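Engineer: Got a structure here, written out as structure tokens. Questions coming.
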Amino acid sequence: MSPDQRRRFVGGRRAHNHRRRIERDYRRCRLAEVLKTVDEFSYGARKRLASELGISRWTLRKDLIALGVITRTERRERTERDAVQREAFANRLHESLRRGREIQEAQEQAK
């Protein structure tokens, strides 16, 4: 690649990245305006919001993090909470199965 080609290539990338930054900032401004009307995120609210803005949910999440609406630890906390709920469900299921076996054994002994 000649020095002139290299210079044009780098200049093109620089311009492209600059356009993307401007688009990102504009999108985040629009999002901030929309968030003024949203009180709380209910189930599926982020998906609806992303579709309204014409962006992916992942892009919306990154923008919400950048705006300080949510934190990066939110997903980790949700994952930990889900693990606790799964464990509690497994314990209840195990206990229910144990009781069922006891009842079944008692019925067999009564015969």
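Engineer: So what's the back-of-envelope 222 nm ellipticity for the chain, counting only DSSP H runs of four-plus at -39500 (n - 2.57) apiece and dividing by all residues, rounded to 500? Can you show the working numbers first?
Structural biologist: On the way: 4 runs with 91 residues, N = 111.
Calculated mean residue ellipticity at 222 nm is -28500 deg cm²/dmol.
Engineer: Do me a favour and compute the ellipsoid semi-axes for the range 1-70 from its Cα gyration tensor, root of five times each eigenvalue, largest one first, whole Å.
Structural biologist: For the range 1-70, the ellipsoid semi-axes come out as 35, 11, 9 Å.
Engineer: Once you place label points 7 Å from the Cα toward the Cβ at residue 15 and residue 106, how far apart are they in nm?
Structural biologist: 8.2 nm
Engineer: In nanometres, what is the gap between the two model label sites at residue 77 and residue 23, each 7 Å from Cα along Cα-to-Cβ?
Structural biologist: The two pseudo-label positions are separated by 3.3 nm.
Every read-out reported here was derived from the displayed coordinates using simple, explicitly stated rules and does not represent laboratory data. Note that this is a predicted model, so its numbers are computed, not measured. So basically every Cβ, Gly included, is an ideal-geometry build from the backbone, and we count neighbours across all protein chains shown.
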